[in-house]
Amino acid sequence: MKLARTVLFLLAVAVAPLSVSSTAFAQQQLESKVPIAFDRYYDHEELIALFHALAAAYPEFASMKQVSTSVRGEPIWVMTINNPRTGADTAKPAMWIDGNIHGNEIQAGEVVLYTAWYLLSAYGKVPALTDLLDHASFYLVPSMNPDGRIHWFAEPNTSSSSRGGVKPTDNDRDGLLDEDGPDDINGDGSIGVMWRMDPNGTHRRSELDPNRMEPISAEPLADGTVRRGDWSFAGSEGIDNDGDGQVNEDGIGGYDPNRNWPADWQPNHVQDGAGEIPLSLPESQGVAEFVLAHPNIAAGQSYHNAGGMILRGPGAQDRESAYGARDRATYDAIATAGEEMLPFYRKMVIWSDLYPVRGGFVNWLAESLGIVAFTNELWSDNRILQSGSGPNEEQTRRWRERVLFAQTIAPLKEVDHPTYGRVLVGGGTKYSGRIPPPFMVQEEHHRNFAFTMFHAAQMPRLRFASVATKDVGSGLWQIDVEVANNTLIPTRIERASSNGIGQPDRLTINGVDVVLAGSLENRFDRTINEQRYRPATLENDAGIPGRGSRFFRFIVKGTAGASIDLRYSAAKAATITTSVPLTAPAEEPAAGELAHDRGSR
Amino acid sequence: MQFMQIMQIMPILSALLIALAPASVTDGYRDSAALSADARTISAASNGLATVVPLGTSREGRELVALRMGTAGDTKPALLITAGLDGTHLCSSEVALGVAKELLSEESRTKHPDLFDRVTIWIIPRVNPDALDRTLQGPVPQRGAIRPFDDDRDGSIDEDPPQDLDGDGVIVQMRVKDPPPPFVATMIADPAETRLLKKPETGPAAKVLAKPEYAVFTEGIDADGDGRIAEDGLGEVDLDRNFPHRYPEFARDAGPMQISEPESKALTQFVLAHPEIIAAITYGRHDSLVKVPDTRDMDATGRTPLVHLPADLEMYQALGKVYRDTSGQTRAASADHAGSFWLWLANHRGVLSLASTVWGRPDVPKETEPVKPEAPQAPDAPEDAAAPEATPLAAMGALHDLHDPHDPADPADRADDHALNPAGLQTVPLAPQGGPRRRGRGGAGGPGAPARPSEATAAPTDEEAVHWLAYSDAVRDGAGFIPWHEVAHPLFGTVEVGGFDPLFRLNPPAAELPEIAKKQTAFLHAFIDLLPVLDVSTPVVTKLSDGVYRIESSVMNAGRLPTASQMGVTTEARAAVIVRLSAPLERIVSGERVRRIYALESGERVELAWVVQAPSGSEPIELTIGNSEFGTRRFVIQNGVVQEAAR
């Protein structure tokens, strides 16, 4: 049944009319083998089907791999995008992009779809992206939490519910699991709010707009009379399913998949929703294994909604020291570019500008694995007025009525409630907040996609800036090597080098006997910071900085004309090699030559 | 070449030496297969009271087992005894099985006939069989679970392990007098006990009087030619540093992440699957009983204590007194508790959790006591249990001293510095090492950075080490300390090898194990007698009017310890006692349909009362009281009559 639906959907995709003209490239409009409309949202099945369709249409570049299985048995997919003609994905710096670890944050998954679609469609047509895909690989996860996404689309929800997963959890500590969740008692497909009839009510129904509840001031009027409303707020839509006197206190799941990661993981009494132990969720386990098996991941983006934020860690004040000055500068440079590319988005720090998070996925990438990683909180209410500030209540009402034609309003409806008697139930549909309306979806997708491409282009790209050989007498030659990185992200961020995360970079020389070798402070330094042992392979734990270079010197025994091979390798950069002859004065080196290391990783 | 020839004849020489040498520290200790066979023997002889339950397998495929002791059927509170997380702490496993035998013995069953009506006891005797077998096999003592690991981050794995240079089957220390550059001498022979090394005094006068003489290493060579000695041996993850409470991220021996090893995973899954475990004692290198850690500090989050919550401290101190009185143990050297299993149980799972080393430094007969070193050395350690105890690292044995990842000079450790030794224990300044103690060390710039000169004043004589030496000399025929002796070395020509046998200060002579098990069992009986008992009174039903009844009951803790510690309440990991009446909400005239009781102090009683409408012919009302720890009692009430349903 499910398969049949998928096939039908794919057919629909395949026969969609192609309106793209042959001069599309001149209009920045991409011709794709898989046309996808980005003025709508796709449920989980559709989303994954589109990923498979892209992988099928671009088999040379894209492949799908299941890395985890959810609580309900849904696969968690990773799409690898790589150009094999320029090397294996693991031999290049890679960017990790995931979405939808919170089930309700649906556009997060859709931006990842847009990313795959644009990148694959653009190769060979858009030079900047072609170049990027020749030098970097991508790991894309459309949904880290399929159960949550499926539940959000399929069941009555709010824009904020179905955030976590569906693993049964005893939230009210009565020994029963998930026995009292919200109920769609007015049958409109949404979970709204309830107002109970109350002669001492705090609200009354607006005469102008029956879907609005007006507060009644508790202050007596000038003549001493006290006004009273007819209705009082009664919480979110639902009944007391387990008869314990509380409503909606133990719904589905009840934990946060984005608090389950082994960076500053803390138990529930410190971090609500953390789970019993780090990686206690099946979804997390396979993803963690994949990430750990790919030390070439140098950049990360984990999409969420909402608020227009470009967030970096730390998630807690006591983790501030995890971001040293050099790393903060790297993050700031990228995020500042993002602020310009993403109107109404601001660069922020998770704990101080949002709220404390322990055990967050993006923190694990950044703080445990040394990956420069951000979380973008997609969509900002500031985009409603396009003015840099959010709308007030009245402006929101007008936006909903005049721009959205009231499509996100769930009208108030009077129904009987088993405990509260007569209640009014309604509010907004699950599409009423946190996500852009369809007509604004594509812009949101594209700008965020563009930001991640900028971020990916900042992954280290190395070159031998200079290799100078010099006869220093006594049969010895001096070889000075400058390794440069023109992008913002260093081969090893400070967090990695100061905590011994991963392997140090290595500069290896072959073809000569090394007498002495080490690093230099700068090109004029006369004292070698010597690596006394095993000098033919210089270890560089500090890495090559962003937009900078490092100098190394070898003193070798050799004869004029002998060819020497140099090779610089780093976990988060493509290996570079070059060969130079021992000649004096030094000839122009074969600088900038990019040689992909095939097979040694 | 010359060195290799010496190495070839070394086994012959050492065989001669061994014939003359005192009994080995490991004599009488059994390997993991023998221990699990013993668990099965215990089970077979127990008339069905004890069963062996598989928990999984170690990384190298050895079985992990638990021994369950108790009656079948009802849910009962359980006590968990865990041992052998540390592969060098051999005695913990032996004592755990010894305790099992004692608890099942005729004598114990007669004196405590209702023991297994009250509790179920789980014993996991050897969590880390791979390391245990390696330790017994020698020569390298293996503390952690096996995980091949590139300690020196040079791309090669486990390529420069310690080497038994003198072939005596024990890896100890190696000292090099006036070492060639770039190695730096940092230690002197302690004038108070010349077999021991210490840092020289600092300051201008001291520099004139005592210049550092020795560079000190783990017994080994520089097999990978990187200028560092024995810095990349068989990779290991210390299971007692692999748990999420104050997990020491990035420490060399703490694993790639929390609960990363098959052994720690199996242990975790077992604990999570058994919510009825309300109390635990872990035998190993942590002590929470001889000297109850008295810090009141919280960790960096401010919400989890370093050791115990202040509100729980008095309870744990009282248990410490019971322990000392029953076990007779007066000394214990404790390791730092960061990442330990026992504190994970206490502070993340809310279990009433204790830790015992089972053995401490014994007294030496009076006439052979060491001469008291002169002032300004610290006074002799008093025999009082509450006095500061042995330096924790010293107690670990020479090899682990040198490899210990807690480096107070290390910035990453410093952040948690105050957490390192909450019990107020001191750490010994470490000997300089070629190998990186943490992953962050080493790299470009040549050999492992020589130790920075200490800014502090000289370390005093290691009192504990002096006492251990005296014990070794007087009681153990010198088995605890290998005297310094010259050995050929490929890098240095000649070195001296010697120092404490790394297992000596952790493990008593095997002949003493049965007596230790007896005393530990005495404590367990006392502990079990103190455990909480949930006393549910049979409901009393009074008719108020036709079809209207008052139902009254109560729940009380008839034990001496609370049903949950304050930390148990804080973590919400302990099950609340749930009181539930099946009557529909609208038929309950007064009273709560569902009630949760999170903790009951000793003697605390909670009265329960409802008024319900139950007209004749209506559904019987069911009242259930209990939880997954103490079991649940079910009463059925119909027409004003109470009946208890089968448990």
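Laboratory data are not the source of any read-out in this text; all were calculated from the coordinates shown. Every value quoted in this text rests on a predicted model; they were computed, and no experiment measured them. Note: ideal-geometry Cβ built from the backbone for every residue, glycine included; neighbour counts use all protein chains shown.
The table below gives the values:
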{"item": "Gyration tensor verdict on the stretch B:596-643 (Cα atoms; rounded if a/c is under 1.5, prolate if a/b is larger than b/c, oblate otherwise)", "result": "prolate"}
{"item": "Centroid-to-centroid separation of the stretch A:93-151 and the stretch A:186-249 [C-alpha atoms, Å]", "result": "43"}
{"item": "The stretch B:534-644 - percent relative contact order, Cα under 8 Å, separation 6 or more", "result": "31"}
{"item": "Length-normalised contact order for the stretch B:276-319 - Cα pairs under 8 Å, 6+ apart - percent", "result": "31"}
{"item": "Cα centroid separation - the stretch B:176-223 against the stretch A:478-518, whole Å", "result": "34"}
{"item": "Taking B:ASP287, A:ASP184 and counting other C-beta atoms within 10 Å, the order from fewest to most", "result": "A:ASP184, B:ASP287"}
{"item": "Inter-label distance, nm, simple model (7 Å from Cα along the C-beta direction), B:VAL636/A:GLU31", "result": "7.8"}
{"item": "Protection proxy ranking of A:356-363, A:102-109 - average other beta-carbon atoms within 10 Å, highest first", "result": "A:102-109, A:356-363"}
{"item": "Equivalent ellipsoid semi-axes - Cα gyration tensor, the stretch B:504-555, angstrom", "result": "55, 8, 5"}
{"item": "Average silhouette area of the stretch B:62-138, convex hull of alpha-carbon atoms, in square nanometres", "result": "5.7"}
{"item": "Relative contact order for chain A, counting Cα pairs under 8 Å that sit 6 or more residues apart, in percent", "result": "13"}
{"item": "Unsatisfied cross-links (Cα-Cα over 32 Å) in the set B:LYS177/B:LYS366; B:LYS198/B:LYS321; B:LYS291/B:LYS366; A:LYS167/A:LYS430; A:LYS33/A:LYS92", "result": "B:LYS177/B:LYS366; B:LYS198/B:LYS321"}
{"item": "Average partner coverage of A:496-503, which counts Cβ from other chains inside 10 Å", "result": "5"}
{"item": "Per DSSP, loop trypsin sites (Lys or Arg not before Pro) in the stretch A:48-145 with at most 14 further Cβ within 10 Å", "result": "A:ARG72, A:LYS125"}
{"item": "Rounded to whole Å, sorted largest first: equivalent-ellipsoid semi-axes of the stretch B:534-644, Cα gyration tensor", "result": "28, 13, 11"}
{"item": "When the protein assembly as shown is reduced to its Cα atoms, the Kirkwood hydrodynamic radius in Å", "result": "34.5"}
{"item": "Cross-link reach list, lysines versus A:LYS347, counting only Cα pairs under 25 Å and skipping chain neighbours closer than eight places", "result": "A:LYS572"}
{"item": "Equivalent-ellipsoid semi-axes of the stretch A:462-581, from the Cα gyration tensor, Å, largest first", "result": "25, 14, 13"}
{"item": "All-pairs Cα distance distribution in chain A, expressed in whole percent, bin size 10 Å", "result": "3, 15, 22, 22, 16, 10, 6, 3, 2, 1, 0"}
{"item": "Volume per residue of the C-alpha convex hull in the stretch B:256-324, rounded to whole Å³", "result": "137"}
{"item": "For the stretch B:119-207, the Rg and Dmax computed from alpha carbons only, in angstrom", "result": "19.7, 64"}
{"item": "Interchain or long-range residues, amide H under 5 Å from B:LEU600's placed H", "result": "B:THR563, B:ALA564"}
{"item": "Cα extents of the stretch A:346-421 along the three principal axes, largest first (Å)", "result": "54, 41, 20"}
{"item": "Anchor B:LYS76: lysines whose Cα lies under 26 Å away (excluding residues fewer than 8 positions away in-chain)", "result": "B:LYS101, B:LYS111, B:LYS265, B:LYS518, B:LYS519"}
